[in-house]
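Asks: Let me give you the structure first, and then I'll get to my questions.
The values are calculated or read from the model by the stated rules, or taken from the named source; none is laboratory data. Source: prediction; values computed, not measured. Every residue, glycine as well, gets a Cβ built from its backbone with ideal geometry; the counts of neighbours run over all protein chains shown. The protein model used for the area step is the full one, side chains on, heavy atoms only, and it has no ligands, DNA or RNA in it. Shrake-Rupley method; radii C 1.70, N 1.55, O 1.52, S 1.80 Å.
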Amino acid sequence: MKYYSTRKKSEEVSFKDAVIRGLAPDGGLYFPERIDKLPEGLIGSGASIEELGYEVAKRFVDGEIPDSDLQRIVSETVNFPLPIVEVEQDVYSLELWHGPTCAFKDVGGRFLGRCLSHFVQQSGDKVTILVATSGDTGSAVASGFLGVEGIDVVILYPKGLVSKIQEQQLTTMGQNISTLEVEGSFDDCQAMVKQAFNDPELRAAMKLSSANSINVARFLPQSFYYFGSYEQLEDKTKPVVYSCPSGNFGNLTAGMFAKEMGLPIARFIGATNANDVVPEYLKTGIYKARPSIPTISNAMDIGDPSNFVRILELHGGDWEKVKTSMVGYAFSDEETKEGMRDVISRTGYLMEPHGVIGYMAVKEYQKHHDVQGVVLETAHPAKFGDVVEPVIGQKVEVPERLQEYMKREKVATLIQPDFNQLKQYLLARAK
Ligand SMILES: *Cc1c(COP(=O)(O)O)cnc(C)c1O
């Protein structure tokens, strides 16, 4: 299987090279030359997520990791529950937060970490993973790579724009994980990372790779839980839509890949906060990136979603086709708070600020469509306790694995949103 760049100005590469490079040299995102269907009869057969995930992964890895290793990698990737919970009639929450850092990004982080580790061990290279995070990516990637030999991780996060628990997770892992606290926005962090990949001097000094959802091994495994959750739906006759609280749209893109592979999803709902570049595009046909706006669902504060180009690529760049395949809704912080109060008071189910945006989008969609909706609940509410608790007027219990991080000491290097500072920092490490 070859991977080409969405900008089509770089060479096609193998899965291994796509994973190691992250971003294509021309600044495009890698995209598989074709998307193969799963075997006839497997979907809806009650197969386990390990089995389904392995069948998915096999099609994209295409022999570049031996089958037995790939099977182990997939099993380790999804070695925690990924259940759907009925919130009310025809609305399900797919709880993606039962992993080590309590967010869905654990799935991608674990798969990517294990794939890269496999390739690095093979070649003896040393790889530096550069990752910009709006909160959850950094910790999931760090946790997926912690202690992995041959891999160094450097995390960039926007100072003051992540929650306390997220910051503790980002800055206390130690070992092969280092953290830069940037006096700027997430977009600044992301731009600096992109610039680093395109910098010839850095590329010559070290092997840089990315762990953002631009990396194929980060976003592809996220399709596993679309398959896994579909098996859990009791009613497979009523159309089902998936609603993704979206920032970089990696999760939603993974769902679209699952559909291409044969999963019968009627439609996707892209749900955003005030950073509504994609809902606006769906309305107007014009994609207009903007600086991000800070909100209470900060993991989605993204003004230029990186996976949007993959969505376009899947639909031949055709706005009409994109609109058939997905709808978009955006919600303000006020609506988000009201949504959290509403769900818990009517149903007793607690959703955090990202998931509840997906939930509200399903409810909007169901006003005009008789469908079942699965909402991706992307994080545990305790990760956003400082937002959630005042809104619902009660304490949120913090899972033990999160409490651990709160006890440790923060270690981070403060830098300006200036590419040169990042470059000097990295060059000093390469020596
Ligand atoms: C990263 C993240 C999102 C956004 O996911 P994308 O794949 O970037 O669209 C949503 N919710 C939470 C809690 C996240 O951490």
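Asks: Checking GLY339 against (1) free of Cβ contacts under 8 Å to residues at least 24 places away in the same chain; (2) within 16 Å of the ligand (Cβ to nearest atom); (3) open to solvent by 50 Å² or more (accessible area, probe 1.4 Å), which single condition isn't satisfied?
Replies: So the condition that GLY339 fails would be (3).
Asks: Could you pull out every one of the helices (runs of 4 or more DSSP H) wholly within the stretch 181-278 that has 1 or more residues that are under 28 Å from LYS323 (Cβ atoms)?
Replies: 186-197, 216-219, 224-232, 250-260
Asks: Next question, about the same structure. Give just the number: which of (1) surrounded by fewer than 19 Cβ atoms within 10 Å (Cβ to Cβ); (2) under 28 Å from ILE296 (Cβ atoms); (3) of a type in the set (Gly, Ala, Ser) does SER134 not satisfy?
Replies: Only one criterion is unmet by SER134, namely (1).
Asks: Looking only at the stretch 169-178, count how many residues are touching a residue at least 40 places away in the same chain (Cβ under 8 Å) and open to solvent by 10 Å² or more (accessible area, probe 1.4 Å).
Replies: The qualifying residues number 3.
Asks: Under 6 Å between Cβ atoms, which residue pairs at least 6 apart in sequence (or on different chains) link something in the stretch 318-330 that is more than 19 Å from HIS368 (Cβ to Cβ) with a partner that is modelled with pLDDT of 95 or more and surrounded by fewer than 16 Cβ atoms within 10 Å (Cβ to Cβ)?
Replies: TRP319/GLY285
Asks: Could you please find all residues in the stretch 290-322 being open to solvent by 30 Å² or more (accessible area, probe 1.4 Å), assigned to a helix (DSSP H, G or I) and out of contact with any strand residue (DSSP E or B) (no Cβ under 6 Å at 6 or more places or on another chain)?
Replies: LEU312, LEU314, TRP319, GLU320, LYS321 - these are the residues of the stretch 290-322 that are open to solvent by 30 Å² or more (accessible area, probe 1.4 Å), assigned to a helix (DSSP H, G or I) and out of contact with any strand residue (DSSP E or B) (no Cβ under 6 Å at 6 or more places or on another chain).
Asks: Give ALA361, ALA382 a once-over and let me know the one that is out of contact with any helix residue (DSSP H, G or I) (no Cβ under 8 Å at 6 or more places or on another chain) and either among the acidic types (Asp, Glu) or assigned to a helix (DSSP H, G or I) (or both).
Replies: The conditions single out ALA361.
Asks: Against the condition more than 20 Å from VAL388 (Cα to Cα) and either more than 16 Å from the ligand (Cβ to nearest atom) or at pLDDT below 90 (or both), how does VAL162 come out, does it pass?
Replies: Answer is no for this residue.
Asks: Same structure, new question: Condition first: in contact with a Phe, Trp or Tyr (Cβ under 6 Å, 6 or more places away or on another chain) and either open to solvent by 20 Å² or more (accessible area, probe 1.4 Å) or more than 14 Å from the ligand (Cβ to nearest atom) (or both). Now tell me which residues in the stretch 85-131 satisfy that.
Replies: Selection gives GLU86, VAL87, HIS98, GLY113.
Asks: Separate question: Search the stretch 238-250 for residues that are closer than 24 Å to THR133 by Cβ and pair each with any residue that is among the basic types (Lys, Arg) and open to solvent by less than 10 Å² (accessible area, probe 1.4 Å) when their beta-carbon atoms are under 9 Å apart and the residues are at least 6 apart or on different chains.
Replies: PHE249/ARG310; GLY250/ARG218; GLY250/ARG310
Asks: For the subset of the stretch 137-155 comprising residues that are away from the ligand (no atom under 16 Å from the Cβ) and β-branched (Val, Ile, Thr), which member is most open to solvent (accessible area, probe 1.4 Å)?
Replies: Across the stretch 137-155, the extreme among qualifying residues is VAL148.
Asks: Is one or more of the residues making up the stretch 293-302 under 25 Å from ALA103 (Cα atoms), at pLDDT 95 or above and more than 12 Å from the ligand (Cβ to nearest atom)?
Replies: There is no residue in the stretch 293-302 that is under 25 Å from ALA103 (Cα atoms), at pLDDT 95 or above and more than 12 Å from the ligand (Cβ to nearest atom).
Asks: Name the residue, out of GLU55, GLU40, GLU51, that is among the acidic types (Asp, Glu), at pLDDT 95 or above and over 21 Å from the mean Cα position of the chain (by Cα).
Replies: Only one candidate qualifies: GLU51.
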